[in-house]
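In what follows, a single structure is set out as structure tokens and then discussed.
The values are calculated or read from the model by the stated rules, or taken from the named source; none is laboratory data. These numbers come from a predicted model, not from an experiment. Note: ideal-geometry Cβ built from the backbone for every residue, glycine included; neighbour counts use all protein chains shown.
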Amino acid sequence: MKKEFLMIPGPTPVPDSVLRKMSVPMVNHRGKEFAQILKNVTEKMKKVYLTEGDVILLTSSGSGGMESAVVNFLSPGDKAIFCVSGTFGDRWSKIAQVYGANVIRVEVPPGEGVTLDKIEDALKKNPGVKAVYITHNETSTSITNDLSQVGKLAHNYGAIAVVDAVSSLGAIELRMDEWQLDVVVTASQKALLTPPGIAFAAVNNRAWELNKSAKMPRFYFDLGEAKKMAANGETPFTPAVSQVFAIDTALDILLSEGLENSWKRHRLLGKATREGVKALGLKLLAKEEFASNAVTGVYPPDGIQADELRKRVRDKGVTLAGGQSSLKGKIFRIGHIGYILDTDIIVTLTVIGETLKEMGYNVDPTLGVKKALEVFNEGTNS
């Protein structure tokens, strides 16, 4: 017998109370009961977003939310900057290209974040940009981009700021209104403690003004239509009713913990993981100033294949993520987002250390755990 530990950056483990909520009897998605639940979820999500703007629920993956953030605010031929710090920034730019946007890519190497000066340089060189698109937390390269000044910068050049917060909202500090972010999309399966199937788009008045002139074709992801329907407690199409029940409960858990407490917990999880990995003598993918508190990318030692290490670790009950795109087969990734506690990190580092030793790597397998415990103890006492 063995216990399974899902240590990937999504989908993430789900609390039992949330899973049980998915088994409640089905209700009429055009009735009063569902309308009340939809209202509850929307109001709770505003607290997570820290916004007074509109929050639209979509039945889709996070990529559906990303698509909605393109087609509702741009017209074919519009200039838009896409900050590409990994696979998901790249995906977003490709969605925009499919719909005919004039895509301007601001790219950085794996492990680095997109800085304000790079964004401003692109804005200066390309007058008339309608929107700046940026991934808050790029799980493929385990980095977090600083968003605190992106909205203000975009506005200085007449553009809106659009954010992919699929893997950050609830886990990493994000203040939508205070930071002047205009559109922020997220999804259920990361820090929101719910299985995949729901996306959200938070939209402020500045973005709705741009929506009025946006000409890209849209039907299923028409946020304007969704906003009208939401006013009557409905969605344009049949929603994932069981998922909505579940996320209503999941948001209670998150808000009960407290948003800032969740951010702090993830900071500790991230630091303990990174310090534990370094104590084992391994190299991190992300530069320290950009390191994510939701996922840690790690290079295996010379002579050990990342995917073989992952296979052996999985055989012991711990599932790690692999590399994506150009990093496929070159790194492994440890997810520490959502329903993850310090004990999960201790188990994960223990198994990684033991497995590396078995594969011939000359290391004391307990060093990672010892260092992580130091971090957790310091965090508890601070």
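Considering each of 198, 253 in turn, give the residue that is under 25 Å from residue 88 (Cα atoms) and of a type in the set (Val, Ile, Thr). Before the answer, list the steps.
Working: 253 fails: under 25 Å from residue 88 (Cα atoms).
Being under 25 Å from residue 88 (Cα atoms) and of a type in the set (Val, Ile, Thr) holds for just one of 198, 253, which is 198.
Looking at the structure I just gave you, is residue 31 within 23 Å of residue 131 (Cβ to Cβ) and at pLDDT 95 or above? Walk me through it before giving the result.
Working: within 23 Å of residue 131 (Cβ to Cβ): no; at pLDDT 95 or above: yes.
For residue 31, the condition - within 23 Å of residue 131 (Cβ to Cβ) and at pLDDT 95 or above - is not met.
Of all residues in the stretch 186-206, exactly one satisfies the criterion of being in a helix (DSSP H, G or I) and out of contact with any Gly (no Cβ under 8 Å at 6 or more places or on another chain), namely 206. Identify the residue in the stretch 150-168 that is touching a helix residue (DSSP H, G or I) at 6+ places or on another chain (Cβ under 6 Å) and in a loop (DSSP other than H, G, I, E, B) and, among all such residues, is surrounded by the fewest Cβ atoms within 10 Å (Cβ to Cβ). Only one residue tops the list, namely 157.
A quick yes/no check of all residues on (1) of a type in the set (A, V, I, L, M, F, W, C); (2) out of contact with any Leu (no Cβ under 9 Å at 6 or more places or on another chain):
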{"residue": "82", "(1), (2)": "yes, yes"}
{"residue": "113", "(1), (2)": "no, yes"}
{"residue": "132", "(1), (2)": "yes, no"}
{"residue": "163", "(1), (2)": "yes, no"}
{"residue": "176", "(1), (2)": "yes, no"}
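Pick from 373, 341: which is under 25 Å from residue 138 (Cα atoms) and surrounded by fewer than 24 Cβ atoms within 10 Å (Cβ to Cβ)?
Answer to the check: 341.
Within the stretch 127-143, the set of residues being over 19 Å from residue 202 (Cβ atoms) and buried (at least 24 other Cβ atoms within 10 Å of the Cβ) comprises 138, 139, 140, 141, 142, 143.
For the stretch 287-336, the set of residues classified as of a type in the set (D, E, K, R) and touching a Leu at 6+ places or on another chain (Cβ under 6 Å) consists of 310 only. One residue alone among 96, 122 is touching a strand residue (DSSP E or B) at 6+ places or on another chain (Cβ under 8 Å), crowded, with 23+ Cβ neighbours inside 10 Å and assigned by TED's automatic domain parsing to the domain that holds residue 225, and that residue is 96. Among what's in the stretch 274-288 and is assigned to a loop (DSSP other than H, G, I, E, B) and either in the same structural domain as residue 112 (by TED's automatic domain parsing) or aliphatic (A, V, I, L, M) (or both), pick the residue that is farthest from residue 332 (Cα to Cα). Top of the filtered list is 280.
Matching residues to (1) part of a helix (DSSP H, G or I); (2) assigned by TED's automatic domain parsing to the domain that holds residue 95:
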site: 215; (1), (2): no, yes
site: 221; (1), (2): no, yes
site: 228; (1), (2): yes, yes
site: 235; (1), (2): no, yes
site: 245; (1), (2): yes, yes
site: 251; (1), (2): yes, yes
site: 263; (1), (2): yes, no
site: 272; (1), (2): yes, no
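Close contacts from the stretch 209-221, counting a first residue that is modelled with pLDDT under 95 and a second that is of a type outside the set (S, T, N, Q), with Cβ to Cβ under 6 Å and a gap of 6+ residues or different chains, come to none at all.
Taking residues in the stretch 53-73 that are in the same structural domain as residue 211 (by TED's automatic domain parsing) and in contact (Cβ under 8 Å) with a residue 12 or more places away in the chain, and partners anywhere that are buried (at least 24 other Cβ atoms within 10 Å of the Cβ) and among the acidic types (Asp, Glu), the pairs with Cβ atoms closer than 6 Å and at least 6 places apart or on different chains are 66/164. Look at the stretch 312-335: where a residue is over 21 Å from residue 278 (Cα atoms) and a partner is of a type in the set (Asp, Glu) and in a loop (DSSP other than H, G, I, E, B), sitting 6+ places away or on another chain with Cβ atoms under 9 Å, you get 317/4.
Taken over the stretch 99-119, the criterion of being of a type in the set (A, V, I, L, M) and out of contact with any strand residue (DSSP E or B) (no Cβ under 9 Å at 6 or more places or on another chain) is satisfied by 116 alone.
May I ask you to verify whether residue 333 is under 19 Å from the mean Cα position of the chain (by Cα), of a type in the set (Lys, Arg) and either assigned to a loop (DSSP other than H, G, I, E, B) or at negative phi (or both)? Outline the logic, then answer.
Working: under 19 Å from the mean Cα position of the chain (by Cα): yes; of a type in the set (Lys, Arg): yes; either assigned to a loop (DSSP other than H, G, I, E, B) or at negative phi (or both): yes.
Yes; evaluated as a whole, the condition is true for this residue.
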